[in-house]
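Below: the structure, in structure tokens.
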Amino acid sequence: MKSLFLCLAALLFILSNEACQPNRKEQSYMTTSVFGKLPDNREVLQYTLTNRTGVSMQVINYGAIITSLRVPDRTGKIEDVVLGYDSLQGYVDGTTYFGAIVGRYGNRIGKGKFQLDGKQYQVTINDGENHLHGGKVGFNKVLWQAKVVSSSAEPALELQYISKDGEEGYPGNVTLKVTYTLTDKNELRISYEGTTDQPTILNPTQHSYFNLSGSFANTILDHVMTIEADRFTPVDKGLIPTGQLAEVANTPLDFRMPTAIGTRINDPFEQLTFGKGYDHNWVLREGGGQVRKAVELYEPKSGRLMTVYTDQPGMQFYTGNFLDGTAHGKNGVAYQRRTGLCLEAQAFPDTPNKPQFPSVTLKPGQVYRQTTIYQFSTK
Ligand code: GLA
């Protein structure tokens, strides 16, 4: 009798324990660990999101930075496709914006000056004579507040940052929420929601550097890309748009048909000389504010395909031209020129000084919204 009882108890124990174990193939999950400490002793946490198919990403609450994104190749081999550092120190010292949310203004504002409601503002100059990616301490260099908002099917993390009136010269207290969701369709869905208490400008974006090959020893030059855009915004030497919208037709910026990135990157074309490669804003075909397909990026050897969807008017495509081997990333790898590329969905650069460009003004009572999706598959 006693042994029967013991047997039953053991059986019950095994069954209940099994039930507690998430079936890792059928359920998404999220884990948290300490990533490091900031110089002022504040703790930085790393969240690991895993979806039902085994695709995973890691995010830290410093800079809302995506530190890894692991997706399968055509044989099912899961590898990391974003550049980054092994430790917090790399992100604190780094000047590359790896994986971060940049803001308040993604990309450049000419001479850091703009007018709003008749008032002149001067924001930090941190790129030659211009303002870049929010200034000296942009959204990529601050601690965000993280909250797990997952559903059982899809792990999701909401990050919030309150940017104080006057920060880097910008007017108004701005609250920005960014939610990263890893869907079971292998999409990284990024949704933004921003508010302000005074008229201001807001144009955040995601600055991950992708390399779909599975090894950061490779460049991105053989990645084949398509951009749903007929025009781009030509720039001057300081990478500030001239204000024109130029046709991509008959230029090395024509990606309307799938083309390997390396095919024309070194062409003697003035815009490429100014950018030291591709570092331009493509004017995406009008989408009426709806999320639509913007880019397809395919790496032929691994078979990985990334499709980018966004509701934004512009896409900054940057080929890691400023990487020069000095940034030592994950596993100590020195990231050479063009080992990663960025696809930054946003409004156009220098919009506050170009009335003909889509507006980035945000007023009290309005809500800034953006949805951008990076979807992973293979072919
Ligand atoms: C953006 C800019 C580039 C460069 C990188 C960060 O893509 O357009 O010029 O500043 O960010 O290095």
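Conditions tested, residue by residue: (1) within 16 Å of the ligand (Cβ to nearest atom); (2) touching a helix residue (DSSP H, G or I) at 6+ places or on another chain (Cβ under 6 Å); (3) farther than 22 Å from Y298 by Cβ; (4) free of Cβ contacts under 8 Å to residues at least 40 places away in the same chain.
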residue	(1), (2), (3), (4)
T242	yes, no, yes, yes
N250	no, no, yes, yes
T259	no, no, no, yes
R264	no, no, no, yes
D279	yes, no, no, no
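Applying the condition of being of a type in the set (S, T, Y) and more than 21 Å from S68 (Cβ to Cβ) to the stretch 329-378 and asking which residue is nearest to the ligand (Cβ to nearest atom) yields T351. Residues in the stretch 283-290: is at least one of a type in the set (G, A, S), modelled with pLDDT of 95 or more, within 28 Å of R369 (Cα to Cα) and part of a loop (DSSP other than H, G, I, E, B)? So far as the stretch 283-290 goes, no, none of its residues is of a type in the set (G, A, S), modelled with pLDDT of 95 or more, within 28 Å of R369 (Cα to Cα) and part of a loop (DSSP other than H, G, I, E, B). Considering the stretch 306-328, the residues that are in a strand (DSSP E or B) and either surrounded by fewer than 19 Cβ atoms within 10 Å (Cβ to Cβ) or small (G, A, S) (or both) include one that is nearest to the ligand (Cβ to nearest atom), namely G314. Which one is surrounded by the most Cβ atoms within 10 Å (Cβ to Cβ), of the residues in the stretch 158-214 that are in a loop (DSSP other than H, G, I, E, B) and within 16 Å of the ligand (Cβ to nearest atom)? Only one residue fits best here, namely P204.
The single residue among K147, K136 that is exposed (fewer than 14 other Cβ atoms within 10 Å of the Cβ) and touching a strand residue (DSSP E or B) at 6+ places or on another chain (Cβ under 6 Å) turns out to be K147. All conditions in (1) among the charged types (D, E, K, R); (2) over 30 Å from V55 (Cβ atoms); (3) free of Cβ contacts under 8 Å to residues at least 24 places away in the same chain hold for K147, with the sole exception of (2). Scoring I66 on the criteria (1) within 16 Å of the ligand (Cβ to nearest atom); (2) farther than 20 Å from A156 by Cβ leaves a single failure, condition (2). For the stretch 94-115, the set of residues classified as away from the ligand (no atom under 14 Å from the Cβ) and either surrounded by fewer than 18 Cβ atoms within 10 Å (Cβ to Cβ) or closer than 13 Å to K136 by Cα (or both) consists of R104, K111, G112, K113, Q115, listed by residue number.
Per-residue answers, yes or no, for (1) at pLDDT below 95; (2) more than 30 Å from F348 (Cβ to Cβ); (3) under 16 Å from the mean Cα position of the chain (by Cα); (4) among the β-branched types (V, I, T):
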| site | (1), (2), (3), (4) |
| --- | --- |
| N17 | yes, yes, no, no |
| K25 | yes, yes, no, no |
| D80 | no, yes, yes, no |
| F98 | no, no, yes, no |
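The values are calculated or read from the model by the stated rules, or taken from the named source; none is laboratory data. Here the structure is a predicted model, which means the values were calculated and not measured. With ideal geometry, Cβ positions are generated from the backbone for all residues, glycine too; neighbour counts draw on all protein chains shown.
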